[in-house]
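Note sheet for the following structure.
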Amino acid sequence: MAYTGEVTVGGTPDVHELGDLIITKVAVGPMDNNAYVLRCRATDAQLLIDAANEPATLREVVGPDGLEAVVTTHQHGDHWQALAEIVDATGARTYAGRRDADGIPVPTDVLVEDGDTISFGRIRLTARHLVGHTPGSIALVYDDPHGHPHVFTGDCLFPGGVGNTHDDAAAFTALLDGVTTRLFDVLPDETWVYPGHGKDTTLGTERPHLKEWRERGW
């Protein structure tokens with residue numbers, strides 16, 4: 001079946017098969033977080049984006065082949081509830097944005113800056129630092145050599161708008177500016193967006209609404 005990105009807590013994960021990479025999306029409770037297991041086809045190396053919760057569910061998706069790394073997109077607690085257990089079980093290396101690492105109660109092995117590369121197997125992800133939802137949120141861009149890019153946005157970009165900035169006008173402006181310059185301005189419309197909660201989207205779907213978002217202030 002074709003990938004849709006529509007998953008539910010307790011339901012079946014959805015699998016997006018690319019030429020060099022397999023992306024498995026799973027939803028975990030209690031806050032309907034998305035977690036993503038990325039698998040390099042050439043080496044079977046795996047990376048997890050956001051060990052949000054339900055460690056048993058995440059370990060089932062990871063399977064018996066182990067886990068090289070876990071990237072935490074930002075410091076909010078709903079994105080790392082299973083992190084300690086996953087790291088203890090797998091020995092995975094931990095990554096997080098430098099400015100958010102102090103808010104994550106599991107030691108971060110690699111502090112990530114804007115433009116840094118995170119590698120596993122033959123796969124390369126580029127980190128983009130986005131300020132506003134938290135001080136050190138990161139999005140991860142996979143530039144598929146056989147097709148369009150794919151970007152994992154944590155809680156910084158969703159269908160219909162940017163992430164919550166808690167009525168802080170300066171934080172909203174910073175987040176929208178960052179999403180615009182570091183994602184929309186440099187990536188094509190076909191770029192697939194995998195958010196930290198809910199359904200997927202594309203940059204092309206959201207691009208016509210950037211002005212509307214700025215005018216409404218959220």
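Just so you know, all these numbers are worked out from the coordinates, no wet-lab data involved. Every value quoted in this text rests on a predicted model; they were computed, and no experiment measured them. Please note: Cβ atoms are built from the backbone with ideal geometry, for glycine as well, and neighbour counts cover all protein chains shown.
Among the residues of region 132-145, count how many are out of contact with any Asp or Glu (no Cβ under 6 Å at 6 or more places or on another chain) and either under 20 Å from Lys25 (Cβ atoms) or among the small types (Gly, Ala, Ser) (or both).
9
Output the number of the condition that Ala51 fails; it satisfies all remaining conditions of (1) crowded, with 23+ Cβ neighbours inside 10 Å; (2) touching a helix residue (DSSP H, G or I) at 6+ places or on another chain (Cβ under 7 Å); (3) not acidic (Asp, Glu); (4) not in a loop (DSSP other than H, G, I, E, B).
(4)
Within region 23-43, how many residues turn out to be assigned to a strand (DSSP E or B) and more than 22 Å from Phe158 (Cα to Cα)?
Residues meeting the conditions: 2.
Just checking, how many residues over region 111-159 are more than 13 Å from the chain's Cα centre (by Cα) and among the aromatic types (Phe, Trp, Tyr)?
Looking only at that region, the number is 1.
Can you name the residue in region 73-116 that is of a type in the set (Gly, Ala, Ser) and part of a loop (DSSP other than H, G, I, E, B) and, of all such residues, is farthest from His166 (Cα to Cα)?
Ranking the candidates gives Gly91 first.
Restricting the search to region 91-123, which residues are within 25 Å of Ala42 (Cβ to Cβ), of a type outside the set (Asp, Glu), without any contact (Cβ under 8 Å) to a residue 24 or more places away in the chain and surrounded by 14 or more Cβ atoms within 10 Å (Cβ to Cβ)?
Val110
Asp88 is checked against (1) surrounded by fewer than 19 Cβ atoms within 10 Å (Cβ to Cβ); (2) under 22 Å from Asp32 (Cβ atoms); (3) out of contact with any helix residue (DSSP H, G or I) (no Cβ under 8 Å at 6 or more places or on another chain); (4) of a type outside the set (Val, Ile, Thr) and fails just one. What number does that condition carry?
Answer for Asp88: the failing condition is (2).
Counting only residues that are among the aliphatic types (A, V, I, L, M), give me the helices (runs of 4 or more DSSP H) lying completely in region 156-218 with at least 2 of them.
169-179
If Pro64 meets every condition in (1) closer than 21 Å to Ala27 by Cα; (2) surrounded by 15 or more Cβ atoms within 10 Å (Cβ to Cβ); (3) not charged (D, E, K, R) apart from one, which number is that one?
Result: Pro64 passes all but (2).
Hey, any hits in region 7-22 for a residue that's in contact with a strand residue (DSSP E or B) (Cβ under 9 Å, 6 or more places away or on another chain), part of a strand (DSSP E or B) and within 27 Å of Ile104 (Cα to Cα)? Outline the logic, then answer.
In the first step, residues of region 7-22 are kept if they are in contact with a strand residue (DSSP E or B) (Cβ under 9 Å, 6 or more places away or on another chain); the result is 7-18, 20-22.
Restricting the remaining residues to those that are part of a strand (DSSP E or B) gives 14-17, 21-22.
Remaining after also requiring within 27 Å of Ile104 (Cα to Cα): none.
No, the conditions are met nowhere in region 7-22.
Matching residues to (1) exposed (fewer than 15 other Cβ atoms within 10 Å of the Cβ); (2) closer than 20 Å to Ile23 by Cα:
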site: Ala169; (1), (2): yes, no
site: Leu175; (1), (2): no, no
site: Thr181; (1), (2): yes, no
site: Trp192; (1), (2): no, yes
site: Pro195; (1), (2): no, yes
site: Thr201; (1), (2): no, yes
site: Glu206; (1), (2): no, no
site: His209; (1), (2): yes, no
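Does Leu58 qualify as being touching a residue at least 24 places away in the same chain (Cβ under 8 Å), crowded, with 19+ Cβ neighbours inside 10 Å and part of a helix (DSSP H, G or I)?
yes
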